[in-house]
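The values are calculated or read from the model by the stated rules, or taken from the named source; none is laboratory data. All of these numbers come straight from a predicted model, not from anything done at the bench. Here Cβ is always computed from backbone atoms with ideal geometry, including for glycine, and neighbour counts include all displayed protein chains. Each accessible area value is taken on the protein alone, full model and side chains, heavy atoms only, with ligands, DNA and RNA left out. Shrake-Rupley method; radii C 1.70, N 1.55, O 1.52, S 1.80 Å.
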Amino acid sequence: MSSAVTVRAACPHDCPDTCAMRVTVEDGRAVRVQGDPAHPTTHGALCTKVSRYPERTYHPERVLHPLKRVGPKGAGEFVRVTWDEALADIAARLKAIAARNPEAVVPYSYAGTMGLLQGESMDRRFFHKLGASLLDRTICSNAGSEALAATYGARIGMHVEHFAESRLILIWGSNSIASNLHFWTFAQAAKRQGAKLVCIDPRRTETADKCHQHLALRPGTDGALALGLIHELVANDWLDHDYIDQHTEGWPALRERAKAWTPERTAEVCGLTADDVRGLARDYGTTAPAAIRLNYGMQRVRGGGNAVRLIAILPCLTGAWRHRAGGLLLSASGWFPKDAAALQRPDLLAGRRPRTINMSTIGDDLLREASPAFGPRIEALVVYNSNPVAVAPESPKVVAGFRRDDLFTVVLEHFLTDTADHADYVLPATTQLEHLDVHTSYGHTYAVINEQAVAPVGEARSNTQVFRDLATHMGFDEPCFRDTDEDMARVAFKRDVDFDRLRAEGWVKLPLPEAPLADGRFPTASGRCLIDAPGLGVPDHVPNHESAESTPALAARYPLAMISPPARNFLNSTFVNVKSLRDIESEPLLEIHADDAAVRGIADGATVEVFNDRGTYHCTARVSTRARPGVVNGLGIWWRKLGVRGTNVNELTHQHLTDIGRAPSFYDCLVDVRPA
Ligand SMILES: Nc1nc2c(c(=O)[nH]1)N[C@H]1C(S)=C(S)[C@@H](COP(=O)(O)OP(=O)(O)OC[C@H]3O[C@@H](n4cnc5c(=O)[nH]c(N)nc54)[C@H](O)[C@@H]3O)O[C@H]1N2
Ligand SMILES: Nc1nc2c(c(=O)[nH]1)N[C@H]1C(S)=C(S)[C@@H](COP(=O)(O)OP(=O)(O)OC[C@H]3O[C@@H](n4cnc5c(=O)[nH]c(N)nc54)[C@H](O)[C@@H]3O)O[C@H]1N2
Ligand SMILES: [Mo]
């Protein structure tokens, strides 16, 4: 007789929603995952992709045992080896390199799982003890999150639930229906109560379709738009002088700067009309409560940090923070009292200060020779929770780096991704159903547990177990290398989240005020919102690296701005190999406006070459009103080997960094397009 049990889990993906899930297990096999109906933000619903999680877990192409490379790098030719053989050889290679200089070893990981254990615990301990290079994990959100912290003192914002009571919601740089579905539920509730929804996005997304108004500004002009709004708030005195006086610092200088940003000038820079700017300012200045759902889509440009600062200041000028349904949400992650030191044990560095490699320039850095400024040439890479060959900018260089014969590469993965194809060893990793974890969220304020639902598939091992095993093979004998996952889960939070309660109840709501910044109390030194921030000054509009403003000659050769936002049914490059989801996305697409297509002789459905000085991306053109004139949308992020001629959109992106946060500027990229 089969016995079904239900296990509490958390969606591990890099998404603001961090859903609480229920996993149905029959005879040791996970047969279904569902959103937990009792969890206040999940509401019993999962997105299409994650409801396919069992399909991904039991996928016929799962890597089931350790693999050793036999073909050339990138060919994906491997033989099966035992764990003992793989671990012994990897430890010997890392030891030999570390004996010369441990900084020649570089870890490379991101948020393939957002779990505190499988994402950032035993792995960090291992590399700290080794003295390996540190990794600056900038690839996604660093411009915005450092900017937010520079303004508010931490990565904090509204409770997502309270958007349901807002009267005006600006959905800014976010395709919420695709990337933040559980926020959208609250926005819909507000809409039913009569709230106005405005979408600010160069692309006419499925979210824009469902808002009352869509402002399709040019990519990278959000800072200018915010300055234009500030100009109008001042001109019409739609300001909360009391809130400004008591809870901000540096306002007079910004007020002065905004004087030049008339609706006409703003409109010209943003590619909008002056009436668009005036109307938005009137709505924002005269509606309460007004809330902004900012998302990371708008900060993947050179001026992303300054733009986030300017937008984050808006609710302080109108006093929107006074109401629990007013204010702004970019990230809630700073509310969580995570104990990073207990999890990651930086004390194992024992006074050493290894160099830091920025994950966003891995293309250049893999190709760099040793030098006093750079340090040693990178000789070993250990990759987990990430697929850099597909997702890092300027892939021609990333690929060249990964193909170096003198580079030793280990990849912990579920599948033979573009990156795993370049590994000397691929180690089979467990999925979220096969290990324990605890989760914070950047889009809500609940800690969530993930219990192990089933035994590891094949010979898969969790990331924590692999780094524990490697520590043993390296002879690291500190007791912390024997901590179990549960030991680490128990110390993951400094306060407020008790592990036993998390286990019993599935999630724990953080004890926060309803309207957390109603009385100021920003977690900055002065307790005020920093309009003028130390070292950064007063924020300004910063034009794109590649634009008519900054690089007119380049803009003449490559007149189209390309953004590359996520495809709805993929999660970055995860799920691209799940056929049922790939079928929905059909093929790699470039959305292009009819006018831009016509002058280039491009028909809907034509195969095209999108190109610039860095490379050529082969895909299918979709002539569509989703693209504004002058801007093309290359939907991401396909696996190169499942794309056309082994390319994806990062063939074209560059490694120039943002103004704040040392992050990539994926959406700041000039191209042209021709029929293939
Ligand atoms: N389905 C799905 N969900 C996801 C992801 C995914 O790949 N697929 N990715 C996850 C990840 S890693 C993250 S970081 C989060 C947030 O992920 P984000 O990448 O922020 O995703 P979106 O919310 O889709 O926001 C991107 C939107 O910003 C728009 N945009 C591009 N350039 C500009 C600009 O200059 N200004 C403005 N105003 N808008 C611009 C794009 O057109 C797009 O609609 O979502 C997560 N959720
Ligand atoms: N052009 C362009 N490029 C982009 C973006 C864009 O919008 N446009 N978005 C950027 C953003 S926002 C981000 S966050 C990055 C994301 O880049 P990545 O962090 O690399 O994200 P994924 O592509 O989802 O790859 C995560 C990998 O981790 C693996 N994984 C998942 N769970 C586990 C686990 O428990 N153990 C191990 N060992 N592996 C696991 C998955 O199988 C998957 O292959 O991409 C960036 N790149
Ligand atoms: Mo991201």
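Quick one: is residue 604 in the same structural domain as residue 561 (by TED's automatic domain parsing) and either open to solvent by 60 Å² or more (accessible area, probe 1.4 Å) or within 26 Å of the chain's Cα centre (by Cα) (or both)? Outline the logic, then answer.
Details: in the same structural domain as residue 561 (by TED's automatic domain parsing): yes; either open to solvent by 60 Å² or more (accessible area, probe 1.4 Å) or within 26 Å of the chain's Cα centre (by Cα) (or both): yes.
In short, yes.
Can you confirm whether the stretch 634-642 contains a residue that is among the charged types (D, E, K, R) and not in a loop (DSSP other than H, G, I, E, B)? Walk me through how you get there before you give the answer.
Within the stretch 634-642, the first condition is being among the charged types (D, E, K, R), and the residues that meet it are 640-641.
Filter once more, so that each one left must be not in a loop (DSSP other than H, G, I, E, B): 640-641.
Checking the stretch 634-642: at least one residue is among the charged types (D, E, K, R) and not in a loop (DSSP other than H, G, I, E, B).
Give, as residue ranges, the helices (runs of 4 or more DSSP H) completely inside the stretch 327-412 that count at least 1 residues that are more than 16 Å from ligand 2 (Cβ to nearest atom) and more than 30 Å from residue 477 (Cβ to Cβ). If you could, list the steps in order and put the result at the bottom.
Details: elements: 340-344, 362-367, 388-391, 395-402.
Filter on the stretch 327-412 gives 362-367, 395-402.
Given the conditions (1) in contact with a Phe, Trp or Tyr (Cβ under 6 Å, 6 or more places away or on another chain); (2) not assigned by TED's automatic domain parsing to the domain that holds residue 186, report the number of the one that residue 153 does not fulfil.
(2)
Return the total of residues in the stretch 422-464 being open to solvent by 10 Å² or more (accessible area, probe 1.4 Å), among the polar types (S, T, N, Q) and not in a loop (DSSP other than H, G, I, E, B).
1
Step by step: first the residues of the stretch 643-676, then only those that are open to solvent by 50 Å² or more (accessible area, probe 1.4 Å) and in a loop (DSSP other than H, G, I, E, B), then the one that is farthest from residue 549 (Cα to Cα). Which residue is that?
Only one residue fits best here, namely 676.
Name the single residue that is most open to solvent (accessible area, probe 1.4 Å) among those in the stretch 32-47 being within 14 Å of residue 184 (Cα to Cα) and touching a helix residue (DSSP H, G or I) at 6+ places or on another chain (Cβ under 7 Å).
43
Could you figure out which of (1) more than 27 Å from residue 547 (Cβ to Cβ); (2) open to solvent by less than 40 Å² (accessible area, probe 1.4 Å); (3) without any contact (Cβ under 8 Å) to a residue 60 or more places away in the chain isn't true of residue 589?
Going through the list (1) more than 27 Å from residue 547 (Cβ to Cβ); (2) open to solvent by less than 40 Å² (accessible area, probe 1.4 Å); (3) without any contact (Cβ under 8 Å) to a residue 60 or more places away in the chain, residue 589 breaks only (1).
Yes or no: the stretch 486-508 includes at least one residue that is open to solvent by 10 Å² or more (accessible area, probe 1.4 Å), out of contact with any Asp or Glu (no Cβ under 8 Å at 6 or more places or on another chain), assigned to a loop (DSSP other than H, G, I, E, B) and aliphatic (A, V, I, L, M).
The answer is yes; a qualifying residue exists.
Mind listing whichever residues of the stretch 509-554 are among the charged types (D, E, K, R) and part of a loop (DSSP other than H, G, I, E, B)?
514, 519, 521, 528, 532, 540, 546, 549
Residue 195 is checked against (1) open to solvent by 10 Å² or more (accessible area, probe 1.4 Å); (2) over 17 Å from residue 357 (Cα atoms); (3) not polar (S, T, N, Q) and fails just one. What number does that condition carry?
(1) is the only condition that residue 195 fails.
Conditions tested, residue by residue: (1) among the aliphatic types (A, V, I, L, M); (2) touching a Ser or Thr at 6+ places or on another chain (Cβ under 7 Å); (3) open to solvent by less than 40 Å² (accessible area, probe 1.4 Å).
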site: 144; (1), (2), (3): no, no, yes
site: 173; (1), (2), (3): no, no, yes
site: 177; (1), (2), (3): yes, yes, yes
site: 200; (1), (2), (3): yes, no, yes
site: 203; (1), (2), (3): no, no, yes
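For the stretch 1-118, which fully contained strands (runs of 3 or more DSSP E) count at least 1 residues that are within 16 Å of ligand 3 (Cβ to nearest atom) and closer than 30 Å to residue 295 by Cβ?
On the way: elements: 4-10, 20-26, 29-35, 67-69, 78-80, 105-109.
The qualifying strands (runs of 3 or more DSSP E) are 105-109.
Working only within the stretch 563-572, note down all residues that are touching a helix residue (DSSP H, G or I) at 6+ places or on another chain (Cβ under 7 Å) and open to solvent by 10 Å² or more (accessible area, probe 1.4 Å). If you could, list the steps in order and put the result at the bottom.
As a first pass, look at the stretch 563-572 and keep what is touching a helix residue (DSSP H, G or I) at 6+ places or on another chain (Cβ under 7 Å): 564-570, 572.
564, 565, 566, 568, 569, 572, listed by residue number.
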